[in-house]
Amino acid sequence: MGHSLGLAAYLAVSSRADRRARSVLRQRLARGKEDHSRSEERLGVPGKPRPPGMMVWIHSASVGEVISVLKVVEEIARLRGDIGFLITTGTLSSAELLQTRMPERTLHQFIPYDTRNAVEKFLDYWKPSIGIWTESELWPTLICESHRRRIPLLFVNARMSEKSYRRWRWIPGFAASLLRRFDGALCQDSRTGRYLHRLGLPAARIDVTGSLKRGAGALPCNPRDRDSFVRAVAGRKLWLAASTHDGEEELVGQAHSLLEQRHEGMLLVLVPRHPERGREIGDRLTSLGYRVRLRSEGELPAEGDQIHVADTFGELGLWYRVAPVSFVGGSMVESGGHNPYEPALLESVILHGPHVGNFAQDFARFSSAGAARQVETPAGLADAVDEMLDPDAARRMTSAALTICSGGEAIVQQVAERILVLIPAGSATHEAA
């Protein structure tokens, strides 16, 4: 298969980008964005021995994508005991998540930078039987070199926003040349299917299976941590602002001030999308007059605290369990919103702002079923939280949300079966280089 002029130019640059890749790696190490002990993985150098036999390679950009695909890994492992798995990601948070949730027969590596040299080292060593790309992150050199080696490629849980589609339309030949290297795309929604087809992926290779997030299962929770937190808050009313972004913390703080006028002693648990912002958020809210405590300091909420900043990693399952009402962040600012299935599966009422483009059809489905509510302002958020503190009102919304989540297991099974069909005969002979 030939390359478009744009793709050919990209590949030519990537073949001479090793020095630039090392410079980027040094900069990211200096900013704490990479793991010093595993930094060479970004240059294609393996960090672990490759086990013999067939290997399903799954690339997931970060935490959300990893969580959505873990059930697929478990399903394939259940069906086939002779297959191993390699999950690649690009963030420290995803690596930390996998330390505690890694399925059996699964290894994790950081995705190599998209230079020809790093990609060749990665593929020479791991020799995957199939390459699975999840959601929306595509690396052209890695895709093209995998295709050249006749490694089947499947785009799973594919998602494309209107903004991304418009960006790809500026380079249509590039997009078509890249997408046609995929044997198939399993899309979250019909909109993504239409966009991929318009960009050049043949319609016969596109299926709309629904979102894997429906079948991801409830986020885990440490029961001891939950019990200690519940004892500490001693029956106080509380609500959750989950996965907030810069600019949202002040807005939810304003909403909380309004709620405190109606409910004395009410507590807000605020979970920033990026936990490293915890100290900055705490200082800013304190300067605005709020009594704030950081979870990263190892303390539970005290009686006079107004806001508990949960700036730790991997505890959303705890917060969705203890909070009857949750505002899903990234939606009052233009960040695209976050996964509504996580609070739904743990029966926490879903509130969100207007900016949910990354999950537009999901939120539309929840809203039309009365399973989520959009708010526009801090006052509107306070009113919605207040209303949903009524157990009967909350139960109606959470029941509707659980209904929407049903059917997730069938999606997981369908995706697992499609992957198994594409694993070529003879893959069991692959060995490490």
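The values are calculated or read from the model by the stated rules, or taken from the named source; none is laboratory data. Remember, predicted model here, so these are calculated numbers, not experimental data. In this analysis, Cβ positions are derived from the backbone assuming ideal geometry, glycine residues included, and neighbour counts consider all displayed protein chains. Accessible surface is based on the protein model in full, side chains and every heavy atom, while ligands, DNA and RNA are left aside. Shrake-Rupley method; radii C 1.70, N 1.55, O 1.52, S 1.80 Å.
Would region 80-103 turn up any residue that is among the charged types (D, E, K, R) and more than 24 Å from residue 38 (Cβ to Cβ)?
Step one: of region 80-103, the residues among the charged types (D, E, K, R) are 80, 82, 96, 101.
With the extra rule that they be more than 24 Å from residue 38 (Cβ to Cβ), the set shrinks to 80, 82.
Yes, some residue in region 80-103 is among the charged types (D, E, K, R) and more than 24 Å from residue 38 (Cβ to Cβ).
Is there a residue in region 191-211 that is farther than 23 Å from residue 416 by Cα and among the polar types (S, T, N, Q)?
No, every residue in region 191-211 fails to be farther than 23 Å from residue 416 by Cα and among the polar types (S, T, N, Q).
For residues in region 244-258 being of a type in the set (Gly, Ala, Ser) and open to solvent by 10 Å² or more (accessible area, probe 1.4 Å), which is modelled with the highest pLDDT?
Initially, region 244-258 is screened for residues of a type in the set (Gly, Ala, Ser), giving 247, 253, 255, 257.
Adding the requirement that they be open to solvent by 10 Å² or more (accessible area, probe 1.4 Å) leaves 247, 257.
Details: 247: 94, 257: 97.
Among them, the one singled out is 257.
Restricting to region 361-377, name every residue that is buried (at least 17 other Cβ atoms within 10 Å of the Cβ) and touching a residue at least 60 places away in the same chain (Cβ under 8 Å).
362
Which pairs do you get when a residue that is farther than 13 Å from residue 371 by Cβ, found in region 333-359, comes within reach of a residue that is hydrophobic (A, V, I, L, M, F, W, C) and in a helix (DSSP H, G or I), reach meaning Cβ atoms under 7 angstrom, with the pair 6+ apart or on two chains?
Partner pairs satisfying both residue conditions: 337/359; 337/363; 339/359; 342/316; 356/363.
Can you name the residue in region 117-134 that is in contact with a Lys or Arg (Cβ under 8 Å, 6 or more places away or on another chain) and open to solvent by 10 Å² or more (accessible area, probe 1.4 Å) and is also nearest to residue 211 (Cα to Cα) among such residues? If you could, list the steps in order and put the result at the bottom.
The initial filter retains those residues of region 117-134 that are in contact with a Lys or Arg (Cβ under 8 Å, 6 or more places away or on another chain), namely 118, 123, 125-127.
Subset that is open to solvent by 10 Å² or more (accessible area, probe 1.4 Å): 125, 127.
Values: 125: 32, 127: 28 Å.
By that ranking, first place goes to 127.
Please state which one of 105, 78, 149 is within 23 Å of residue 424 (Cα to Cα), out of contact with any helix residue (DSSP H, G or I) (no Cβ under 8 Å at 6 or more places or on another chain) and of a type in the set (Lys, Arg).
Details: 105 fails: out of contact with any helix residue (DSSP H, G or I) (no Cβ under 8 Å at 6 or more places or on another chain); 149 fails: out of contact with any helix residue (DSSP H, G or I) (no Cβ under 8 Å at 6 or more places or on another chain).
Answer to the selection: 78.
Return the only residue of 150, 181, 169 being of a type in the set (Lys, Arg), over 22 Å from residue 365 (Cβ atoms) and touching a strand residue (DSSP E or B) at 6+ places or on another chain (Cβ under 9 Å). Can you show your working first?
On the way: 150 fails: touching a strand residue (DSSP E or B) at 6+ places or on another chain (Cβ under 9 Å); 169 fails: touching a strand residue (DSSP E or B) at 6+ places or on another chain (Cβ under 9 Å).
After ruling out the rest, the residue left standing is 181.
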